[in-house]
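Trainee: Just passing along the structure, written as structure tokens.
Rule-based calculations on the coordinates, nothing more; no lab input. Note that the coordinates shown come from a computational prediction; the quantities given were computed from them, not determined experimentally. Note that each Cβ is placed from the backbone with ideal geometry, even for glycine, and that neighbours are counted across all protein chains shown.
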There are 2 protein chains.
Amino acid sequence: MSNDPSSNASNPLFQLENQLCFPLYALSRMITKAYQPLLLELDLTYPQYLVFLLLWEHQELTVKELGEKLFLDSGTLTPLLKRLEQKQWISRRRDPRDERSVIIGLLPAGQQLQARACQIPEEIIAKLNMPQADFEALRLQLNALLIQLA
Amino acid sequence: MSNDPSSNASNPLFQLENQLCFPLYALSRMITKAYQPLLLELDLTYPQYLVFLLLWEHQELTVKELGEKLFLDSGTLTPLLKRLEQKQWISRRRDPRDERSVIIGLLPAGQQLQARACQIPEEIIAKLNMPQADFEALRLQLNALLIQLA
DNA sequence: TAATGTTTAATTGTGTGCAATCAAATTGAC
DNA sequence: GTCAATTTGATTGCACACAATTAAACATTA
């Protein structure tokens, strides 16, 4: 009854499994959820964790640089960074050489978070339980696509 | 100066490019953004579009079934579905045989949306500009991982 | 049938994402 | 130097996501 031949319901391109976007969307949320219990111990959300990965590596970055690396704009980053500033984990100050820029720096408490976070990557890999080769192959493909589309 | 040997900043597992989660997270948002201008013409968001993909195929689904297929809970779906109901695109009614369930059905305007949406899959593939073989390979890998983790 | 437990949506609260707009600072052409 | 254009963050408003709680309906079992 529901198979009206004039409808595109049976168009295979319309089925979730045949799209690239849906598994990407669903997997992204599932993996973020896999991080959640580990990050809860650090009182961090997943996007906040990404900001710290960058700050632990670079010590200081402007909002613009964070946005470029994470593909996020200031409408997302500003409130997120203000929450981290309130916890005294990061500092926010204008660049004296260009007052339009805001430099984000690590405060001691934020620096110390790293010690507690350092096991997370291994724990996630263990949790996902993927063969190392599959993990690597997928990672390379996704990174290549990311760079191509960026 | 920033290379304190006691820090894990140089731990390669801590770098964005070496993680699986980050490209997944960034790609998911980038591809959703690629849909946005196409969906704007239909006055749909990306998650709303996913709901319609399922409804066009199945005509009727409960909130629970939608949630299982999309990996979303009622806290996300209920307000989304109420917005679609307000536009008279879908109907929401209790299942008389089990009053706990809410059945989501297509209204005529929602059914007709499909005609305008049917070119979207092809347009997205064209927009992403990926070789068909790469697209297929990645799709299969992501779906396999999704099923494994679900 | 009465008590208990389970299933299902809805609600509430917090935190992203992102488009659109605004405002301040800087840069460039003249 | 001055005006216009550009850069950069901040703000606002809307729509997810999701944890946690609540409430109603159903199922089970004594």
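Trainee: For A:Lys82, indicate whether it is away from DNA strand C (no atom under 12 Å from the Cβ), surrounded by fewer than 18 Cβ atoms within 10 Å (Cβ to Cβ) and charged (D, E, K, R).
Mentor: It is false that A:Lys82 is away from DNA strand C (no atom under 12 Å from the Cβ), surrounded by fewer than 18 Cβ atoms within 10 Å (Cβ to Cβ) and charged (D, E, K, R).
Trainee: Name the single residue, out of those in region B:74-100 being of a type in the set (Gly, Ala, Ser) and near DNA strand D (Cβ under 8 Å from one of its atoms), that is nearest to the other protein chains (Cβ to nearest Cβ).
Mentor: The extreme case among them is B:Gly75.
Trainee: Now for a different question. Please go through region B:92-115 and pick out each residue that is in contact with a helix residue (DSSP H, G or I) (Cβ under 9 Å, 6 or more places away or on another chain) and more than 12 Å from DNA strand C (Cβ to nearest atom).
Mentor: Answer for region B:92-115, where residues must be in contact with a helix residue (DSSP H, G or I) (Cβ under 9 Å, 6 or more places away or on another chain) and more than 12 Å from DNA strand C (Cβ to nearest atom): B:Gly105, B:Leu106, B:Leu107, B:Gly110, B:Gln111, B:Leu113, B:Gln114.
Trainee: Only one of these is in a helix (DSSP H, G or I), out of contact with any Asp or Glu (no Cβ under 8 Å at 6 or more places or on another chain), of a type in the set (Asp, Glu) and crowded, with 17+ Cβ neighbours inside 10 Å: B:Glu57, B:Glu68. Name it. Don't jump to the end; show me each part of the working.
Mentor: Numbers: B:Glu68 fails: crowded, with 17+ Cβ neighbours inside 10 Å.
B:Glu57 is the lone residue from the list that is in a helix (DSSP H, G or I), out of contact with any Asp or Glu (no Cβ under 8 Å at 6 or more places or on another chain), of a type in the set (Asp, Glu) and crowded, with 17+ Cβ neighbours inside 10 Å.
Trainee: Which of the following residues is away from DNA strand C (no atom under 11 Å from the Cβ), of a type in the set (Asp, Glu) and touching a helix residue (DSSP H, G or I) at 6+ places or on another chain (Cβ under 8 Å): A:Glu123, A:Glu60?
Mentor: Details: A:Glu60 fails: touching a helix residue (DSSP H, G or I) at 6+ places or on another chain (Cβ under 8 Å).
Just a single option satisfies the conditions, and that option is A:Glu123.
Trainee: If you scan region A:63-79, which residues turn out to be of a type in the set (D, E, K, R) and more than 11 Å from DNA strand C (Cβ to nearest atom)?
Mentor: Scanning region A:63-79 gives A:Lys64, A:Glu65, A:Glu68, A:Lys69.
Trainee: Scanning region B:108-122 for residues that are surrounded by 15 or more Cβ atoms within 10 Å (Cβ to Cβ) and among the hydrophobic types (A, V, I, L, M, F, W, C), which turns out farthest from the other protein chains (Cβ to nearest Cβ)?
Mentor: Keep residues of region B:108-122 that are surrounded by 15 or more Cβ atoms within 10 Å (Cβ to Cβ), which gives B:110-111, B:113-114, B:117-118, B:120-121.
Still in the running and among the hydrophobic types (A, V, I, L, M, F, W, C): B:113, B:117-118, B:120.
Details: B:Leu113: 11, B:Ala117: 8, B:Cys118: 5, B:Ile120: 9 Å.
Result: B:Leu113.
Trainee: Quick test of your reading of the structure: B:Leu54 fulfils all but one of (1) out of contact with any Lys or Arg (no Cβ under 8 Å at 6 or more places or on another chain); (2) within 20 Å of A:Phe14 (Cα to Cα); (3) more than 10 Å from DNA strand D (Cβ to nearest atom). Name the failing condition by number.
Mentor: Of (1) out of contact with any Lys or Arg (no Cβ under 8 Å at 6 or more places or on another chain); (2) within 20 Å of A:Phe14 (Cα to Cα); (3) more than 10 Å from DNA strand D (Cβ to nearest atom), only one is false for B:Leu54: (1).
Trainee: Got a sec? Which of A:Leu81, A:Leu42 is of a type outside the set (Phe, Trp, Tyr), in contact with a Lys or Arg (Cβ under 8 Å, 6 or more places away or on another chain) and in a loop (DSSP other than H, G, I, E, B)?
Mentor: A:Leu42
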